[in-house]
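*Asks:* Quick one: the structure is below, questions incoming.
Bear in mind that the values in this text are calculations on the coordinates, not laboratory data. Quick caveat, the model's predicted, so the values are computed rather than measured. Cβ placement follows ideal geometry from the backbone for every residue including glycine, while neighbour counts extend to all protein chains displayed.
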Amino acid sequence: MIDLQELIDEHGVVGAQVAVLHNGEIVDIAAGVLNNVTREPVTSDAIFQIGSITKIWTATLVQELVNEGLLDLDRPVRDVVPEFRLADEQAARVITPRQLLSHTAGFEGDLYHDTGNGDDMLVKYIERMADTAQTTPPGALYVYCNAGYVVLGRIVEVLRGKPFNTVLRERLIERLGLPAATRHTEYDGHTCASGHVGAELKPTEEKTPEGDSPAGSVLAMSARDLLAFVRMHLDTTEFDAMRETQVVLPDLGYGGRQGLGWMLHEYDGGITGLGHTGQTPGFQSSLRVVPERGLAIAVLTNGGAPAPVMRAVHEKVLGELANISLPTRPEPPAVPVPVDVEKVAGVYRAVRADVHVTATEHGTVQVRAVPDAGEDVVEEYTGFRDDALIAVEKEGGHHSVVVLCGRDEQDRVKWLHYGRVAVRV
């Protein structure tokens, strides 16, 4: 097994849990501390926020509705939630649950409305979406969308006649016998990790709004219990439709496809993997599953820069138990692909920021993000492919890739795609 304490010490991670499911059996280890002020050690039963891995749980509740004949993924959302509104009325009328599940609905997704923690919090969230902008046409492009999963949570509420968190607990958490927390108030009944933020890795009291809970703002559990949920997926065929490709992602250097909730990727030898990552203030999580090898890995962390830790765990476990190698990370080419600056340069609007792309004197481009609040972020990018740029310097252990998508009436790049999109203005 992995020397997890040595690994997190090397990379400055506060605390971590790792669990591995192989052929039906789960083993787990823990290291570090739950809170670097109290110094209470991480144990295997402590709960960590899993962030956007929650989306797999939400998608599972939606798939149950489909399996029971209660929901058609290809009918408009308004068939179930007639009050669903967006700034673009034409888009709001046609967007489907399948598009929400596959992140192809095309509306702004990082809303984070604080609508309280009552049973009506998703109702209030939907009301506040009425002026949400459409960045791409429905079904046209993969753009990661948290708000879409809140809408899916509301669909679950309407069709089950109960609050989302109640349905989540009754149909999955209690079904599996898991000691998970679905609301902030439930954390007190558990040994709970604190998130740590900033250069000094201070414990944070920040809590993301519960109205985002179907997208991943609240759900917390141990790595072992997360894999108990995955084992349910591997032990039945009722959720196999969630693994089917819905859209191929713009290639950010790793390839990838999107299923219904699950992210899909290919390993050497044509082996398909499932997975998701998650992030909330002070927490990062990773889940990788290889169904045909009966293998899954969960890594939960509570502060620091865990990407190298996660990669080391994935490499060791996948290599030893499945003879699978991770794809290499993208690097700037030795001979950069020429950048057609006239087609790329300009100002783009992203989430609460403007992105200014300008030419440099040596054939690269400068990308300056000017946020609505806070300091500018400036990076240099060079040509990676005809349709992509790559950061010259590493950030967080890897070189970021930006895909150049679409063309406007002047044949200029329309969208900068980095998982989300910035739209030319």
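*Asks:* 7 Å from Cα along Cα→Cβ at both V351 and I271: what's the point-to-point distance in nm?
*Replies:* It is 3.2 nm.
*Asks:* Identify which of L100, L159, L122 has the largest mean-square fluctuation in a Gaussian network model of the chain, with springs joining Cα atoms closer than 10 Å.
*Replies:* Top of the fluctuation ranking is L159.
*Asks:* Between I2 and L321, what length comes free when the chain is fully extended (0.36 nm per residue of separation minus the Cα-Cα distance, one decimal in nm)?
*Replies:* 113.5 nm
*Asks:* Something else: For the chain, build the convex hull from the C-alpha positions and give me its volume per residue in Å³.
*Replies:* Hull volume over Cα atoms, normalised by residue count, gives 145 Å³.
*Asks:* Between T166 and D386, what length in nm is gained on full extension when 0.36 nm per residue of separation is reduced by their alpha carbon distance?
*Replies:* 74.3 nm
*Asks:* Residue by residue through the stretch 23-36, which ³J(HN,Hα) values in whole Hz follow from phi under the Karplus form 6.51 cos²θ - 1.76 cosθ + 1.60 (θ = phi - 60°), with glycine and proline marked x?
*Replies:* 6, x, 9, 10, 10, 8, 9, 9, 7, x, 10, 6, 8, 7
*Asks:* Extending each Cα 7 Å along its Cβ direction at H184 and K124, get the distance between those two points in nm, one decimal.
*Replies:* Each label point lies 7 Å from its Cα, and together they span 1.2 nm.
*Asks:* Step through the residues of the stretch 312-322 one at a time and calculate ³J(HN,Hα) from phi using the Karplus curve (6.51 cos²θ - 1.76 cosθ + 1.60, θ = phi - 60°), rounding each to whole Hz and writing x for Gly and Pro.
*Replies:* Once rounded to whole Hz, the list reads 5, 5, 4, 4, 5, 5, 5, x, 6, 9, 9.
*Asks:* Could you pull out every residue, at least 5 positions away or on a different chain, whose amide H is within less than 5 Å of the one on V218? Hs are placed 1.01 Å off N in the peptide plane, and Pro or chain starts have none.
*Replies:* Amide H to amide H, under 5 Å and 5 or more residues apart or across chains, V218 pairs with nothing.
*Asks:* Now a separate question. Taking the chain as a Gaussian network, where each spring joins two C-alpha atoms under 10 Å apart, which residue of Q366, Q246, Q17 fluctuates the most?
*Replies:* Looking only at Q366, Q246, Q17, the largest GNM fluctuation is found for Q366.
*Asks:* Also, quick follow-up: Subtracting the Cα-Cα distance from 0.36 nm times the residue separation, let me have the gained length for Y112 to T360 in nm, one decimal. Mind showing how you got there, number by number?
*Replies:* On the way: separation 248, 0.36 × 248 = 89.28 nm, distance 3.59 nm.
Full extension of this stretch gives 85.7 nm more.
*Asks:* Please list 285-294, 318-327 highest first by mean number of surrounding beta-carbon atoms within 10 Å per residue.
*Replies:* In decreasing order of mean packing, 285-294, 318-327 become 285-294, 318-327.
*Asks:* When a/c is below 1.5 the answer is rounded, else prolate if a/b is larger than b/c, else oblate, so apply that to the stretch 251-329 with a ≥ b ≥ c taken from the square roots of the Cα gyration tensor eigenvalues.
*Replies:* prolate
*Asks:* Taking 7 Å along the Cα-to-C-beta vector as the label spot, tell me the V377-D251 distance in nanometres, rounded to one decimal.
*Replies:* The modelled label-to-label distance comes out at 2.5 nm.
*Asks:* With θ set to phi - 60° and the Karplus curve 6.51 cos²θ - 1.76 cosθ + 1.60, what are the ³J(HN,Hα) couplings of the stretch 40-48 in order, to the nearest whole Hz, using x for Gly and Pro?
*Replies:* 5, x, 5, 10, 5, 9, 5, 9, 10
*Asks:* With runs of 4+ DSSP H residues as the only contributors, calculate the mean residue ellipticity of the chain at 222 nm using -39,500 (n - 2.57) per run, divided by the residue total and rounded to the nearest 500.
*Replies:* Values: 10 runs with 93 residues, N = 425.
Helix-only estimate at 222 nm: -6500 deg cm²/dmol.
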